1. Do any strands (runs of 3 or more DSSP E) entirely within the stretch 194-267 hold 2 or more residues that are open to solvent by less than 40 Å² (accessible area, probe 1.4 Å) and farther than 13 Å from residue 278 by Cβ, and if so, which?
2. Let me confirm something: among 291, 285, 270, 221, which residue is at negative phi and in contact with a Cys (Cβ under 6 Å, 6 or more places away or on another chain)?
3. Kindly list, by first and then second residue, each pair from a residue in the stretch 17-46 that is at pLDDT 70 or above to a residue that is open to solvent by 100 Å² or more (accessible area, probe 1.4 Å) and hydroxyl-bearing (Ser, Thr, Tyr), limited to pairs with Cβ atoms under 9 Å and residues at least 6 apart or on different chains.
Amino acid sequence: MADNKYDYDYDRYDDYDTDGDGSSQKSIRGYRVVIILLAVILAGISALYFNLNRQQQRDYELLKVDRDSIQSNLEGLITEYDSLKFTNDTIAARLVEANQMMEQLKRERRWNYAKIKEYEKEVGTLRSVMRNYLKQIDSLNSLNKKLVAENVSYRKEISTANLRADVAEEKASELENKVRQGAVLRARDITMIALNARDNVVSRVSKAVTLRVDFAISSNELASPGNRKVYLCIKSPDGYLLTSESMPTFDYQGMATGYSASREVDYQNEDVDMSIYYHGSGFTEGQYTIEIYTDGNLIGTGSVSMR
């Protein structure tokens, strides 16, 4: 048994007990101090482990450094304990507990490292997705600017086209008005004479029973050919319209207007000479006003002095 390095020398311990050697007592006290220090260190390590476990999510890099340091200290302590060659059960249990704690720290370090790598991978994926989104946003912004520019251009073109259309419509309206005005018939060479009952011309209007108005309708190629009804209005020197008892009217600019006499004529875009007769009595001398209408238009006016 003396060859086994872990066996105790009982005779040697008996010598310590019988002789009461002071150096043996010092060694035992030294071992007790080491055991106490080891227990304190292990208790501190346990407290440090739980503190680090609570803080590992907050500061991984610091935890990594601390764990490396703890592992190094534990390995150093285990080496020192092995060199002491104690068989004390309490010390052996502490060593096992320290080894288990070190292995747990290693496993948690590997696990946290893997988690951090996974998070880094996810962050990298998110960054890649974000870059793609930024590229799409830039592309959409460029497309939007292009569309805005095209929209402005189209609006300008539409505005120009609308302006041209308005101008063309205005010109067409002007042309239509000119054509309409140009198509209006015109009466010229308006005269009036007094006739007695035998249709003879008299010099005194007071002796007349009929007033004959002579005029000519000018040729107009723009006017539509066909039958037309021509209305004659004669106003006496005192401004009254000479009319019959039935007081006939015609439409002029949306209003019913009285007239003295009327006659139909076949107009074929050539000059037409015509006369219209008004029968009455009690004519007085003075200035008579004559108006001629057809197609709802005033086509001629004249003034004749009668004695």
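The values are calculated or read from the model by the stated rules, or taken from the named source; none is laboratory data. Note that the structure is a prediction, hence the values are computed from the model and not measured. Positions of Cβ are generated from backbone atoms using ideal geometry, with glycine treated the same way; all protein chains shown enter the neighbour counts. Surface areas here come from the heavy atoms of the whole protein model, side chains and all, with no ligands, DNA or RNA. Shrake-Rupley method; radii C 1.70, N 1.55, O 1.52, S 1.80 Å.
1. 210-217, 226-235, 261-267
2. Checking each option against the conditions leaves just 291.
3. none
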